[in-house]
Each structure stands twice: as structure tokens, then as C-alpha cells.
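So the structure is just underneath, and the comments pick up after that.
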Amino acid sequence: MNNKALFSILCTLLTCSITTVYGQEEAVLYQLDGKPLDGRIQQYNDYDIKVEDVTYKGGMRTGIRKTYYRNGVLFSEGKYVLGKLEGEYRTYYENGKTKGIYAYQEGLKEGISKFYDDDGKIEYETLFRNDKKELHHRFYDNGKIKYTTTYVEGIITQEDKFTTRGKLDQRSYYKNGKVIKIDYYENGKFSHGLNFE
């Protein structure tokens, strides 16, 4: 282990107590003297490559936090306010392309989150309200919607499946998370249905 990595670990261990206090989603880090941790922390792996860069104020994460793959390539970045994620949080593939974009408000998912494949094509997007799913779209490679899933209070209520040409193929209705009815379509027009209640 090189000196820089050892120094980083020692500084972290000497300035922080092992105990953290949890309140809602944020954790407060304390120094050994009982004072909340303040300042910038950079952590390095055994190969002297930075794996995290974060600032603490009053023992809570504040400002931009970045994490890195073991090879030093950026993995994630997001802004913290009073220990909670706020605004846009991004993750990346090792090739540098965007993997996910997530919207946060006071530490909760709020708004549209998007996930991409490693070629940059969108795979799915989800609308969150108060950290609960409301609407979810999964896409075909051609960019057209494959599935649309609707939620109420985070519980699935309906799922629509589409053809690669964008026509409705199947609609499933849910109650308490279980399928109760499936309607089938041909060329986007109702064909027949099955009830499971």
C-alpha cells in the first residue's frame, strides 16, 4: 500500500468516530472529539486512484459528491444539501457515457429518472412523486415505447404492451399487485379479454 492511500485511510479513521447517527435518510459523521465532521474527504484505493470526493459540513454531506470506478473513471455525481440528494444525480458507464439520470428533492426521487444502455440508447424512464413510482416506460431499440406501467402510491395498477411499430398489443389490469384482467389487441384495436377475478 502506498503512502498516499495509507495517509488517506489514517486521516479518515483518526478524524471520524465509528458511530454514525441516522435521522431520516442522512447520516451525521462525528470526529473523535465529538464535533461533527467538517471538510473535504478524498478516498483512494490501493493503487492511489481516487474513488470518492465529498465535502462534509456539520457532519453531513454537502455540495457535489463524486464516486469513481476502481480505474479512476467517474461513476457518479450528485449534489447534497444537508445530507440529502438534491437535484440531478448522474451515473456513468466506464466508457464515460451516461448510465442514469435521476431527479431528487430533499433526498427523495421526484420527477423523471432515465436509464440508458452503454450505447447511449434510452432503456427506460420512470416518473416518481415523493419517492414512489407513478409511471414507467420501457423502450425498444428503435426508441418506441415497449411497455407503459402505471402506479398508484407505488403499486402497479395497469401495464400496456406495445408492438415495435407503436400499436397497443396487450393491456393488463392489476389489483393489489396481482393481474385481474388482460385485454388483447390486434393492430391497436380491442380483440378479446380475459378476467382473473
Open item on the list: Placing one identical point scatterer on every Cα of region 23-98 and ignoring solvent, what is log10 I(q)/I(0) from the Debye formula at q = 0.23 Å⁻¹?
Closed with: -1.04
Task: Estimated vicinal HN-Hα couplings, Hz - region 107-117 in sequence order (Karplus 6.51, -1.76, 1.60; Gly, Pro = x) - done: x, 10, 5, 8, x, 8, 10, 10, 10, 10, 7
Task: Estimated [θ] at 222 nm from DSSP helical runs (n ≥ 4, -39500 (n - 2.57)) normalised by residues in the chain, nearest 500 - done: -2000 deg cm²/dmol
Task: Sparse-neighbourhood loop sites, GluC sites (Glu not before Pro) in region 86-193 - DSSP loop, at most 15 other Cβ within 10 angstrom - done: E94, E106, E153
Task: Y140-K66 FRET efficiency (beta carbon distance; Förster radius 22 Å; 0.05 resolution) - done: 0.10
Task: Inter-probe distance in nm under a simple model that places probes 7 Å from Cα toward Cβ, at K175 and K132 - done: 2.0
Task: Gain upon complete extension [K189, E94; 0.36 nm per residue less C-alpha separation] - done: 29.8 nm
Open item on the list: Around I112, under 15 Å between beta carbons, what's the net of Lys plus Arg minus Asp minus Glu among the other residues?
Closed with: +1
Open item on the list: To test your reading of the geometry: what angle, between 0 and 90 degrees and rounded to tens, separates the Cα axis of helix 3-15 from the longest principal axis of the chain?
Closed with: 90
Task: Hull shadow area, averaged, region 58-195 [alpha-carbon convex hull, nm²] - done: 10.3
- [ ] Give the range of the longest stretch in the chain that excludes all chymotrypsin sites (Phe, Trp or Tyr not before Pro) found in loop regions by DSSP and having at most 16 other beta-carbon atoms within 10 Å.
- [x] 70-139
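Read the figures in this text as sums done on the coordinates, not as results from a lab. All values reported here derive from a predicted model rather than from experimental measurement. Don't worry about glycine lacking a Cβ; one is built from the backbone with ideal geometry, like all the others, and counts go over all protein chains shown.
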